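Structure, as structure tokens:
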Amino acid sequence: MHIVIMGCGRVGSALARALEKQGHSVAVVDQDPTAFRRLGAGFNGQRVTGVGFDQDTLREAGIEEAGAFAAVSSGDNSNIIAARVARENFGVEHVAARIYDPRRAEVYQRLGIPTVATVRWTADQMLRRLLPSGSEPLWTDPSGTVQLAEVPFATVWIGRRIGELEEASGTRVAFVTRLGEGVLPTPQMVLQEGDLVQVMLRRADLAAVEAAFAKGPEEGH
């Protein structure tokens, strides 16, 4: 796939290198030609100097053949404009924009433009580490109804099957992070110390699921 990235800061350059390593062709757009130094000598993709939402600049970067576009510059307005141009003018299927203002990110998400709210994401990650109980969800759908949440479980669940935890909480475990790697669980999978359990649930059910996870197996049934 050909992928166009607007912004060659730390995120854009890291994203470009990672995508190229996976075998994709990549074009990076930035107004500052010196920013391309972050890509390193081993980067073989295009370096296009220009404004990321200018149509001629995007054409030079191969937007007409692109399957994806990422707007990760330092400006919210520029990112949103560029994302809309990529989607609405060039019909790029996969488009995402980085937004610093979480309130604006929610608005654009509801309008159908996938966004990554940098400040909100970082704050959520910190909350989940500092306040493991009642932490913020990992992901919420645009309607606010469905969430993916990392829910802590009581130590008495260690050694018990995922199926038992699901039955006690009335929910479904989406995946488990074990030793830093995501694992798709089966009902027979046994919980181990250090596991992080991510659950897909309705937002209204989060408190009840947290309560069930905090109880022991006998109390949870």
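The values are calculated or read from the model by the stated rules, or taken from the named source; none is laboratory data. Keep in mind that what you see is a predicted model, and the values were worked out from it rather than measured. When we count neighbours, we look across all protein chains shown, and the Cβ atoms used for this are built from the backbone with ideal geometry, even at glycine.
Okay, here's what the table says:
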read-out	value
Among the candidates VAL85, VAL95, residue that is assigned by TED's automatic domain parsing to the domain that holds ALA14 and outside any helix (DSSP H, G or I)	VAL95
Tally of residues being surrounded by fewer than 16 Cβ atoms within 10 Å (Cβ to Cβ) and not in a loop (DSSP other than H, G, I, E, B) across the stretch 163-174	3
Any pair with Cβ under 6 angstrom, 6 or more apart, that starts in the stretch 196-216 at a residue that is assigned by TED's automatic domain parsing to the domain that holds PRO142 and ends at one that is loosely packed, with under 15 Cβ neighbours inside 10 Å and in a strand (DSSP E or B)	LEU196/THR177; MET200/ARG172
Strands (runs of 3 or more DSSP E) within the stretch 1-60 that include 3 or more residues of a type in the set (A, V, I, L, M, F, W, C) and touching a residue at least 40 places away in the same chain (Cβ under 8 Å)	2-6
Residues within the stretch 192-221 that are farther than 13 Å from ALA149 by Cβ and within 25 Å of the chain's Cα centre (by Cα), tallied	2
